[in-house]
Structures are given as structure tokens and as C-alpha cells.
Amino acid sequence: QQQVKQSPQSLIVQKGGISIINCAYENTAFDYFPWYQQFPGKGPALLIAIRPDVSEKKEGRFTISFNKSAKQFSLHIMDSQPGDSATYFCAASVAPGSARQLTFGSGTQLTVLP
Amino acid sequence: NAGVTQTPKFQVLKTGQSMTLQCAQDMNHEYMSWYRQDPGMGLRLIHYSVGAGITDQGEVPNGYNVSRSTTEDFPLRLLSAAPSQTSVYFCASSRGRGNSPLHFGNGTRLTVT
């Protein structure tokens with residue numbers, strides 16, 4: 001049972017284009033939504049995260065849009081670059097007051113063509 | 001700082017063999033966890049620990065054991081390897097408070113034949 005559904009599975013974008021990756025969740029108790037970026041042979045690394053009390057968060061070329069009523073959130077990569085080619089995972093967790101147990105989406109393999 | 005260090009990077013086992021995947025962190029993080037990554041399934045939590053001497057099960061704990069005798073180390077044991085345990089295993093740690101990010105190691109690719 002996958003509590004966080006991610007799409008698309010793979011994405012090919014031209015350099016300078018916009019990459020959009022979508023995630024939907026079921027558990028309304030989730031209150032923290034990070035995105036992780038993973039390069040081949042490496043572990044995932046935190047890219048950007050959002051709490052449900054805001055609808056958008058931007059860090060450089062990366063933006064998370066959050067729609068609480070639809071239980072959806074998405075990652076937008078503006079001006080995509082070949083160096084952005086990686087696998088991206090959305091995730092979600094419930095706040096237990098201490099350590100967080102992240103539930104990950106299935107991942108999106110992004111390829112940015114030069 | 002080394003961050004999270006996993007050894008070995010690659011391992012091939014025969015069905016029924018046992019082994020231990022090592023994980024060490026030098027950031028004095030309270031929280032440590034093990035994930036497995038399989039194609040099309042993202043990362044799934046196997047076991048986690050909120051401090052030395054404390055461990056708990058995640059989403060897919062069957063076939064795996066863990067212990068946390070020190071803050072730095074969190075080994076994952078496969079008692080009797082099965083082909084279904086062929087995967088890439090990631091260890092991660094965090095300060096364990098609030099929204100502290102997970103810091104991942106570079107993974108161990110395990111093949112069970």
C-alpha cells in the first residue's frame with residue numbers, strides 16, 4: 001500500500017525548460033513534505049521541503065507547490081539544466097514530536113537534454 | 001566530516017547465507033534508520049533507532065535484525081538471505097528533532113543468488 005503516489009516515473013526535458021513532478025498522498029495526518037534528489041551511485045539528499053500551512057516554497061530554481069484540499073504537492077524545476085538530471089523522490093511524514101518516519105514516493109528519473 | 005559511511009559498497013550472497021551491513025555516522029545524530037530501494041518502489045523503511053539501545057520496526061522489517069549499542073553505529077543483519085532481499089540498502093541519520101533532514105550514506109548494493 002503506497003501512501004504517497006508519484007508521477008511521472010520518468011521525465012525528459014530540454015535544457016531551459018520546466019520540469020514538473022507530482023505527488024499525491026492519502027494520509028491527512030502528514031504534515032511535512034520534503035523532496036530528495038539522488039544522483040547515480042549516491043544516497044538521496046534533501047532538496048527542499050514544505051509544511052502544509054503554506055501553499056508554495058521557492059529556493060532558487062526549485063519550487064514546491066502544495067494543495068492541501070486536493071492532497072497533492074509538486075516540484076517545479078525552472079530553467080532545467082543537464083546537471084539536474086537525477087532521480088527525485090517526494091516524501092511525507094507525520095510529526096511524532098521526535099524522529100520522523102518518512103514515507104517515500106516511487107521516484108521520478110529526470111533527464112535534461114543539453 | 002565523513003557523514004554517513006556504509007560498508008561494503010557491493011555484496012553478493014548465496015541464499016541462506018548471513019551477513020551484516022555496516023553503517024556509521026560521525027555527526028552525533030540520535031536518529032538512524034535503514035531503507036531499501038527497489039525499482040519503482042522508492043525507499044521503504046526497514047528499521048530505525050531513536051537512540052542507543054532503542055530500535056523499532058519500519059514498513060518492511062521481516063528478515064532483518066538491527067541493534068544500536070552506540071550512537072555512531074547501526075548495523076543491519078540478514079540472518080538467512082533470500083533472493084527477495086536483493087536490493088540497494090541505504091542507511092540514514094538525523095538529529096531526530098522536528099524537521100531535521102535525513103543524511104543518507106551512499107548505499108550497499110546486495111545481490112542474493
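Can you give me the number of residues within the range A:46-58 that are more than 7 Å from chain B (Cβ to nearest Cβ), in a strand (DSSP E or B) and of a type in the set (A, V, I, L, M, F, W, C)? It would help to see each step written out before you state the result.
In the first step, residues of the range A:46-58 are kept if they are more than 7 Å from chain B (Cβ to nearest Cβ); the result is A:47-48, A:50-58.
After this cut, where a residue has to be in a strand (DSSP E or B) as well, the list is A:47-48, A:50, A:56-58.
Add one more test, that the residue is of a type in the set (A, V, I, L, M, F, W, C), and what stays is A:47-48, A:50.
Residues in the range A:46-58 being more than 7 Å from chain B (Cβ to nearest Cβ), in a strand (DSSP E or B) and of a type in the set (A, V, I, L, M, F, W, C): 3 in total.
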request  = Six or more apart or on different chains, Cβ under 9 Å: which pairs go from a residue in the range B:66-77 that's free of Cβ contacts under 8 Å to residues at least 40 places away in the same chain to one that's open to solvent by 50 Å² or more (accessible area, probe 1.4 Å) and in a loop (DSSP other than H, G, I, E, B)? Could you list them?
outcome  = B:SER67/B:GLY53; B:ARG68/B:ALA52; B:ARG68/B:GLY53; B:SER69/B:ALA52; B:SER69/B:GLY53; B:THR70/B:ALA52
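Can you go through B:HIS47, B:HIS29 and tell me which one is closer than 16 Å to B:ARG68 by Cβ, of a type outside the set (Lys, Arg) and part of a strand (DSSP E or B)? Don't jump to the end; show me each part of the working.
Details: B:HIS29 fails: part of a strand (DSSP E or B).
On inspection, the qualifying residue turns out to be B:HIS47.
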key: Count - residues of the range B:94-113 that are under 15 Å from B:SER33 (Cβ atoms) and away from chain A (no Cβ under 14 Å)   = 0
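When only residues in the range B:67-106 that are among the polar types (S, T, N, Q) and assigned to a strand (DSSP E or B) count, which is farthest from B:GLY53 (Cα to Cα)? Even if it seems obvious, please write down each step before you answer.
Step one: of the range B:67-106, the residues among the polar types (S, T, N, Q) are B:67, B:69-71, B:80, B:84-87, B:93-94, B:99-100, B:106.
With the extra rule that they be assigned to a strand (DSSP E or B), the set shrinks to B:87, B:93-94.
On the way: B:SER87: 27, B:SER93: 15, B:SER94: 17 Å.
The qualifying residue farthest from B:GLY53 (Cα to Cα) is B:SER87.
Within the range B:79-93, how many residues turn out to be surrounded by 21 or more Cβ atoms within 10 Å (Cβ to Cβ) and more than 7 Å from chain A (Cβ to nearest Cβ)? I'd like the intermediate steps shown before the answer.
Here is the first cut: in the range B:79-93, the ones surrounded by 21 or more Cβ atoms within 10 Å (Cβ to Cβ) are B:81, B:87, B:89-93.
Cutting the leftovers down to more than 7 Å from chain A (Cβ to nearest Cβ) gives us B:81, B:87, B:89, B:91-93.
Of the residues in that region, 6 qualify.
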remark   = Among strands (runs of 3 or more DSSP E) completely within the range A:1-42, the ones holding 1 or more residues that are closer than 25 Å to B:VAL60 by Cβ, in contact (Cβ under 8 Å) with a residue 12 or more places away in the chain and open to solvent by less than 30 Å² (accessible area, probe 1.4 Å) are A:4-7, A:19-25, A:33-38
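Would you check if there is a residue in the range B:48-66 being more than 14 Å from the chain's Cα centre (by Cα) and facing chain A (nearest Cβ under 8 Å)?
From the range B:48-66, those more than 14 Å from the chain's Cα centre (by Cα) are B:51-54; that's our starting set.
Going one step further and asking which of them are facing chain A (nearest Cβ under 8 Å), we end up with none.
No, there is no match, as no residue in the range B:48-66 is more than 14 Å from the chain's Cα centre (by Cα) and facing chain A (nearest Cβ under 8 Å).
The values are calculated or read from the model by the stated rules, or taken from the named source; none is laboratory data. The model shown is predicted, which means the values in this text are computed figures rather than measured ones. So basically every Cβ, Gly included, is an ideal-geometry build from the backbone, and we count neighbours across all protein chains shown. We work out accessible area using only protein heavy atoms, side chains counted, and drop any ligands, DNA or RNA first. Shrake-Rupley method; radii C 1.70, N 1.55, O 1.52, S 1.80 Å.
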